[in-house]
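Below: one structure, written as structure tokens.
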Amino acid sequence: MLDTNFHELMEFPASFPFKVVGDARDNLADDVVSVVQRHVPGDYVPSSKASSKGTYHSVTIRVTVNSKEQIEQLYIELAAIEGVKRVL
């Protein structure tokens with residue numbers, strides 16, 4: 001796991017935004033939702049935005065998390081999506 005201090009900074013459950021930046025492709029948002037659904041099932045409508053040159057897409061999704069470990073696991077799995085460069 002990651003060594004974060006989310007448990008010291010937040011009260012759970014909490015609404016937490018994840019921003020995933022990856023190579024520009026049509027199904028990046030679908031892949032992000034798929035990962036989130038495995039941990040926190042729900043109806044998600046992520047927002048997507050293309051970079052100024054169109055090389056990258058950013059997908060922001062807001063998730064109700066229940067623990068520090070859940071946040072860390074989502075960071076790890078979102079970062080493992082093919083083409084993802086950063087998870088913020």
Using only the Cα atoms of the range 12-67, construct the convex hull and provide its projected area averaged over every direction, in square nanometres to one decimal.
-> 3.8
What does the accessible area per residue of the chain come to in Å², with a 1.4 Å probe and no ligands, DNA or RNA counted?
-> 62
Just the number, please: carbon plus sulfur as a percent of the accessible area of the chain, 1.4 Å probe, no ligands or DNA/RNA counted.
-> 49
Just subtract the alpha-carbon distance of residue 88 and residue 34 from 0.36 nm times their residue separation and send over the number in nm, one decimal.
-> 17.7 nm
Residues listed by number, the range 61-88, amide nitrogen under 16 Å from residue 55 label point at 7 Å toward C-beta = 83-86
Sort 3, 23 by accessible area with a 1.4 Å probe, largest first.
-> 3, 23
Mean residue ellipticity at 222 nm from the helices of the chain, using -39,500 (n - 2.57) per DSSP H segment of n ≥ 4 over the full residue count, to the nearest 500 deg cm²/dmol?
-> -9000 deg cm²/dmol
The range 19-49-the range 69-88 distance, computed between alpha-carbon centres (Å) = 11
Span per principal axis, largest first, for the Cα atoms of the range 48-88 (Å) | 37, 18, 11
Point-charge dipole on Cβ atoms (K/R +1, D/E -1) for the chain, about Cα centre, debye to 20 | 380
17 Å Cα-Cα reach of residue 53 towards aspartates and glutamates, excluding residues that sit fewer than 8 places from it in its own chain = 23, 26
In debye, nearest 20: dipole of the range 49-88 around its Cα centre with unit charges on the Cβ of K, R (+) and D, E (-)?
-> 300
Tilt, helix 28-39 to longest principal axis of the chain (alpha-carbon atoms), in degrees rounded to tens, equals 20
At a probe radius of 1.4 Å, what is the per-residue accessible area of residue 20, in Å² to the nearest 10?
-> 0
Please give the length that would be gained between residue 45 and residue 23 if that part of the chain were fully extended, namely 0.36 nm times their separation in residues minus their C-alpha to C-alpha distance (nm, one decimal).
-> 5.9 nm
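The values are calculated or read from the model by the stated rules, or taken from the named source; none is laboratory data. Every value quoted in this text rests on a predicted model; they were computed, and no experiment measured them. Cβ: placed from backbone, ideal geometry, glycine included. Neighbour counts: every protein chain shown. When the accessible area is computed, the model is the full protein with side chains, heavy atoms only, and any ligands, DNA or RNA have been set aside. Shrake-Rupley method; radii C 1.70, N 1.55, O 1.52, S 1.80 Å.
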